[in-house]
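Engineer: Sharing a structure with you now.
Here, each number is a calculation from the coordinates, and none is a lab measurement. Note that the structure is predicted; figures quoted are calculated from it, not measured. All Cβ positions, glycine included, derive from the backbone under ideal geometry; neighbour counts span all protein chains shown.
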Amino acid sequence: MTPAALSGLDLLATAVVLVDAGYAVRYMNPAAENLFEMSSRNVTGQALGELFGGTAVLTAAIEYARANNCSYTEHDLELGTNGRARLHLSCTVTPVELSADDSPRDELLLEFRHIEQQLRIEREERLLDQSQANRELIRNLAHEIKNPLGGIRGAAQLLDHELERPNLHEYTQVIMKEADRLQLLMDRLLTPHRLPQPGPVNVHEVLERVRSLILAEHPKGIAMRRDYDLSLPLLKGDKEQLIQAVLNIARNAAQALAGKAGGEIRLRTRVLRQVTLARRRYRHALVIEITDNGPGVPPELQERIFYPLVSGREGGSGLGLTLAQSFVNQHHGVISCESVPGATTFTILLPVEERDEGGGMRAEGKSEKSR
């Protein structure tokens, strides 16, 4: 395979391994390095059997593809790597017949896909489609409600001026206050549709702003821990929207911890390479994790937690996480939640747009863990 072809494989989301006729590794792309936690440079020349445990099924797939000179996909493959947990994968084996000088060479291209990762991507796509449909429904509904709501409040205000009995003013005041409350709710529903105002954003400034707000709102009983990777690049985004998205999640966590001894919220940042977000491939993405040790999200709500007007808290509007998802989606990112009693983690993935050489800045320093 030519160097140009190998360079193209570097950009693929799929983990790709090129092996020769003796099943020795000749090349791994970055996605494969991430999947198997191996360096292509270190494993080049080693046989598959030396790198992985339990290769009988993989060997059978390779032999079938070679014997029939066709692509073959094994959908249920387990491989062990260096004593780590076994990976549950699918693998497509494709013979590659030509080398750089067009002379015959028996090589095979192995494309590995993590089944759990594939299911996660499919779930993210479903959530993205559902989120877009929900936002459009809410936007249309809010517009339809705002007009008659304004009329109701105006009529109540006129009636209030005409009433002669003071004790009746109480009722018109209730109508106007409730109309104002619903008007505020409609404004919140429509807010996510404001286009982002992008600019350079240091994600840690966003998290520190949220941290200070939560500590101010809950001065006792909640600890805010930090685990930051300070080498993260700057992000292009709307700082206020990102603050609001993270704040909505952190406030939910703080409310879940209310009255709990030893309540803790942990803010964590990392960077990922070769990530697919919202059906697009990016070389790098920033990871923001907000974790609390509260009671967790009820299982019956976990699939619907980002839906509008769905809340697990009495008196909750069910809009905080919907707005957070909308803001993250507007930044071409995704948000997900994993929860068990004692550990609920909301994960935000935000893509890093590639910059021209010399056109961007990176935050200084290395990974830092704050106590």
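Engineer: If packing is taken as the mean number of other Cβ atoms within 10 Å per residue, what is the order of 282-295, 159-172, highest first?
Structural biologist: Per-residue Cβ counts within 10 Å, averaged per peptide and sorted highest first, yield 282-295, 159-172.
Engineer: Name all residues of segment 254-295 having a backbone nitrogen under 19 Å from the label point set 7 Å from the Cα of Leu215 along its Cα→Cβ direction, giving them as ranges.
Structural biologist: Under cut-off, by backbone N: 254-255, 257-258, 262-269, 289-293.
Engineer: From the phi angles alone, apply the Karplus equation (6.51, -1.76, 1.60; θ = phi - 60°) to segment 232-242 and give each ³J(HN,Hα) in whole Hz, x where the residue is Gly or Pro.
Structural biologist: For segment 232-242, the Karplus-derived couplings read 4, x, 5, 10, 8, x, 9, 4, 5, 5, 5 Hz, x marking Gly and Pro.
Engineer: Ordered by packing density, taken as the mean number of other Cβ atoms within 10 Å over each peptide's residues, highest first, how do 26-38, 52-64, 198-210 rank?
Structural biologist: In descending order of packing, they fall as 26-38, 198-210, 52-64.
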